[in-house]
1. Quick check on my filter: what residues within segment 102-133 are of a type in the set (Gly, Ala, Ser), touching a residue at least 60 places away in the same chain (Cβ under 8 Å) and over 17 Å from residue 39 (Cα atoms)?
2. For segment 69-100, which residues satisfy the criterion of being in contact with a Pro (Cβ under 8 Å, 6 or more places away or on another chain) and at pLDDT below 50?
3. Would you please name the residue that is surrounded by the most Cβ atoms within 10 Å (Cβ to Cβ), looking only at residues in segment 28-65 that are touching a Ser or Thr at 6+ places or on another chain (Cβ under 8 Å) and acidic (Asp, Glu)?
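The values are calculated or read from the model by the stated rules, or taken from the named source; none is laboratory data. All values reported here derive from a predicted model rather than from experimental measurement. When we count neighbours, we look across all protein chains shown, and the Cβ atoms used for this are built from the backbone with ideal geometry, even at glycine.
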Amino acid sequence: MTLTELDVPAQRAARALELILREVDAEEGFLYLLRGPELELAASATQRCPPLGLQAMLTAEVTQMFDNDEATITVSPGHADGTHTSTIMCDQQEFAPLHLLLSVDGDRKLVGVVAIPLSSTTALKVPDSRLLNAITASLYLSLPAASPDA
């Protein structure tokens, strides 16, 4: 089943997270989508809840990286390709944030972030940019504020 065939946003987010984690060779992760100026948890690959504070830390991280423009975050010129190699420590766990970016009317918009827990044995693969773009576009179109006229 493709992402566009899933009508329920929670199902689409869960499937998107599953595809991304498979692509980077990770078993666990959390998908946060941008809702206004804040990131909100949309899907988890496990039954565990994310650590307290992870959402706030990711929101602060993307706010520092990107120019905040009301309901969207536009990528600053220094991060136009979406690459970012820093990690976030939260509750004694290191996370790699994978930013989901989309080109909209010539601007790069942040749609969400996948937080992937790291360990000493974790070796994440670089995801295929075409797959990430397709997943990100599908997620963007499923967001309440996203519309062709926006």
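1. Step one: of segment 102-133, the residues of a type in the set (Gly, Ala, Ser) are 103, 106, 112, 115, 119-120, 123, 129.
Checking the rest, the ones that are also touching a residue at least 60 places away in the same chain (Cβ under 8 Å) come to 112, 115, 123.
Answer for segment 102-133, where residues must be of a type in the set (Gly, Ala, Ser), touching a residue at least 60 places away in the same chain (Cβ under 8 Å) and over 17 Å from residue 39 (Cα atoms): just 123.
2. If the condition is that a residue be in contact with a Pro (Cβ under 8 Å, 6 or more places away or on another chain) and at pLDDT below 50, then 70, 71, 73, 84 are the ones that fit.
3. 61
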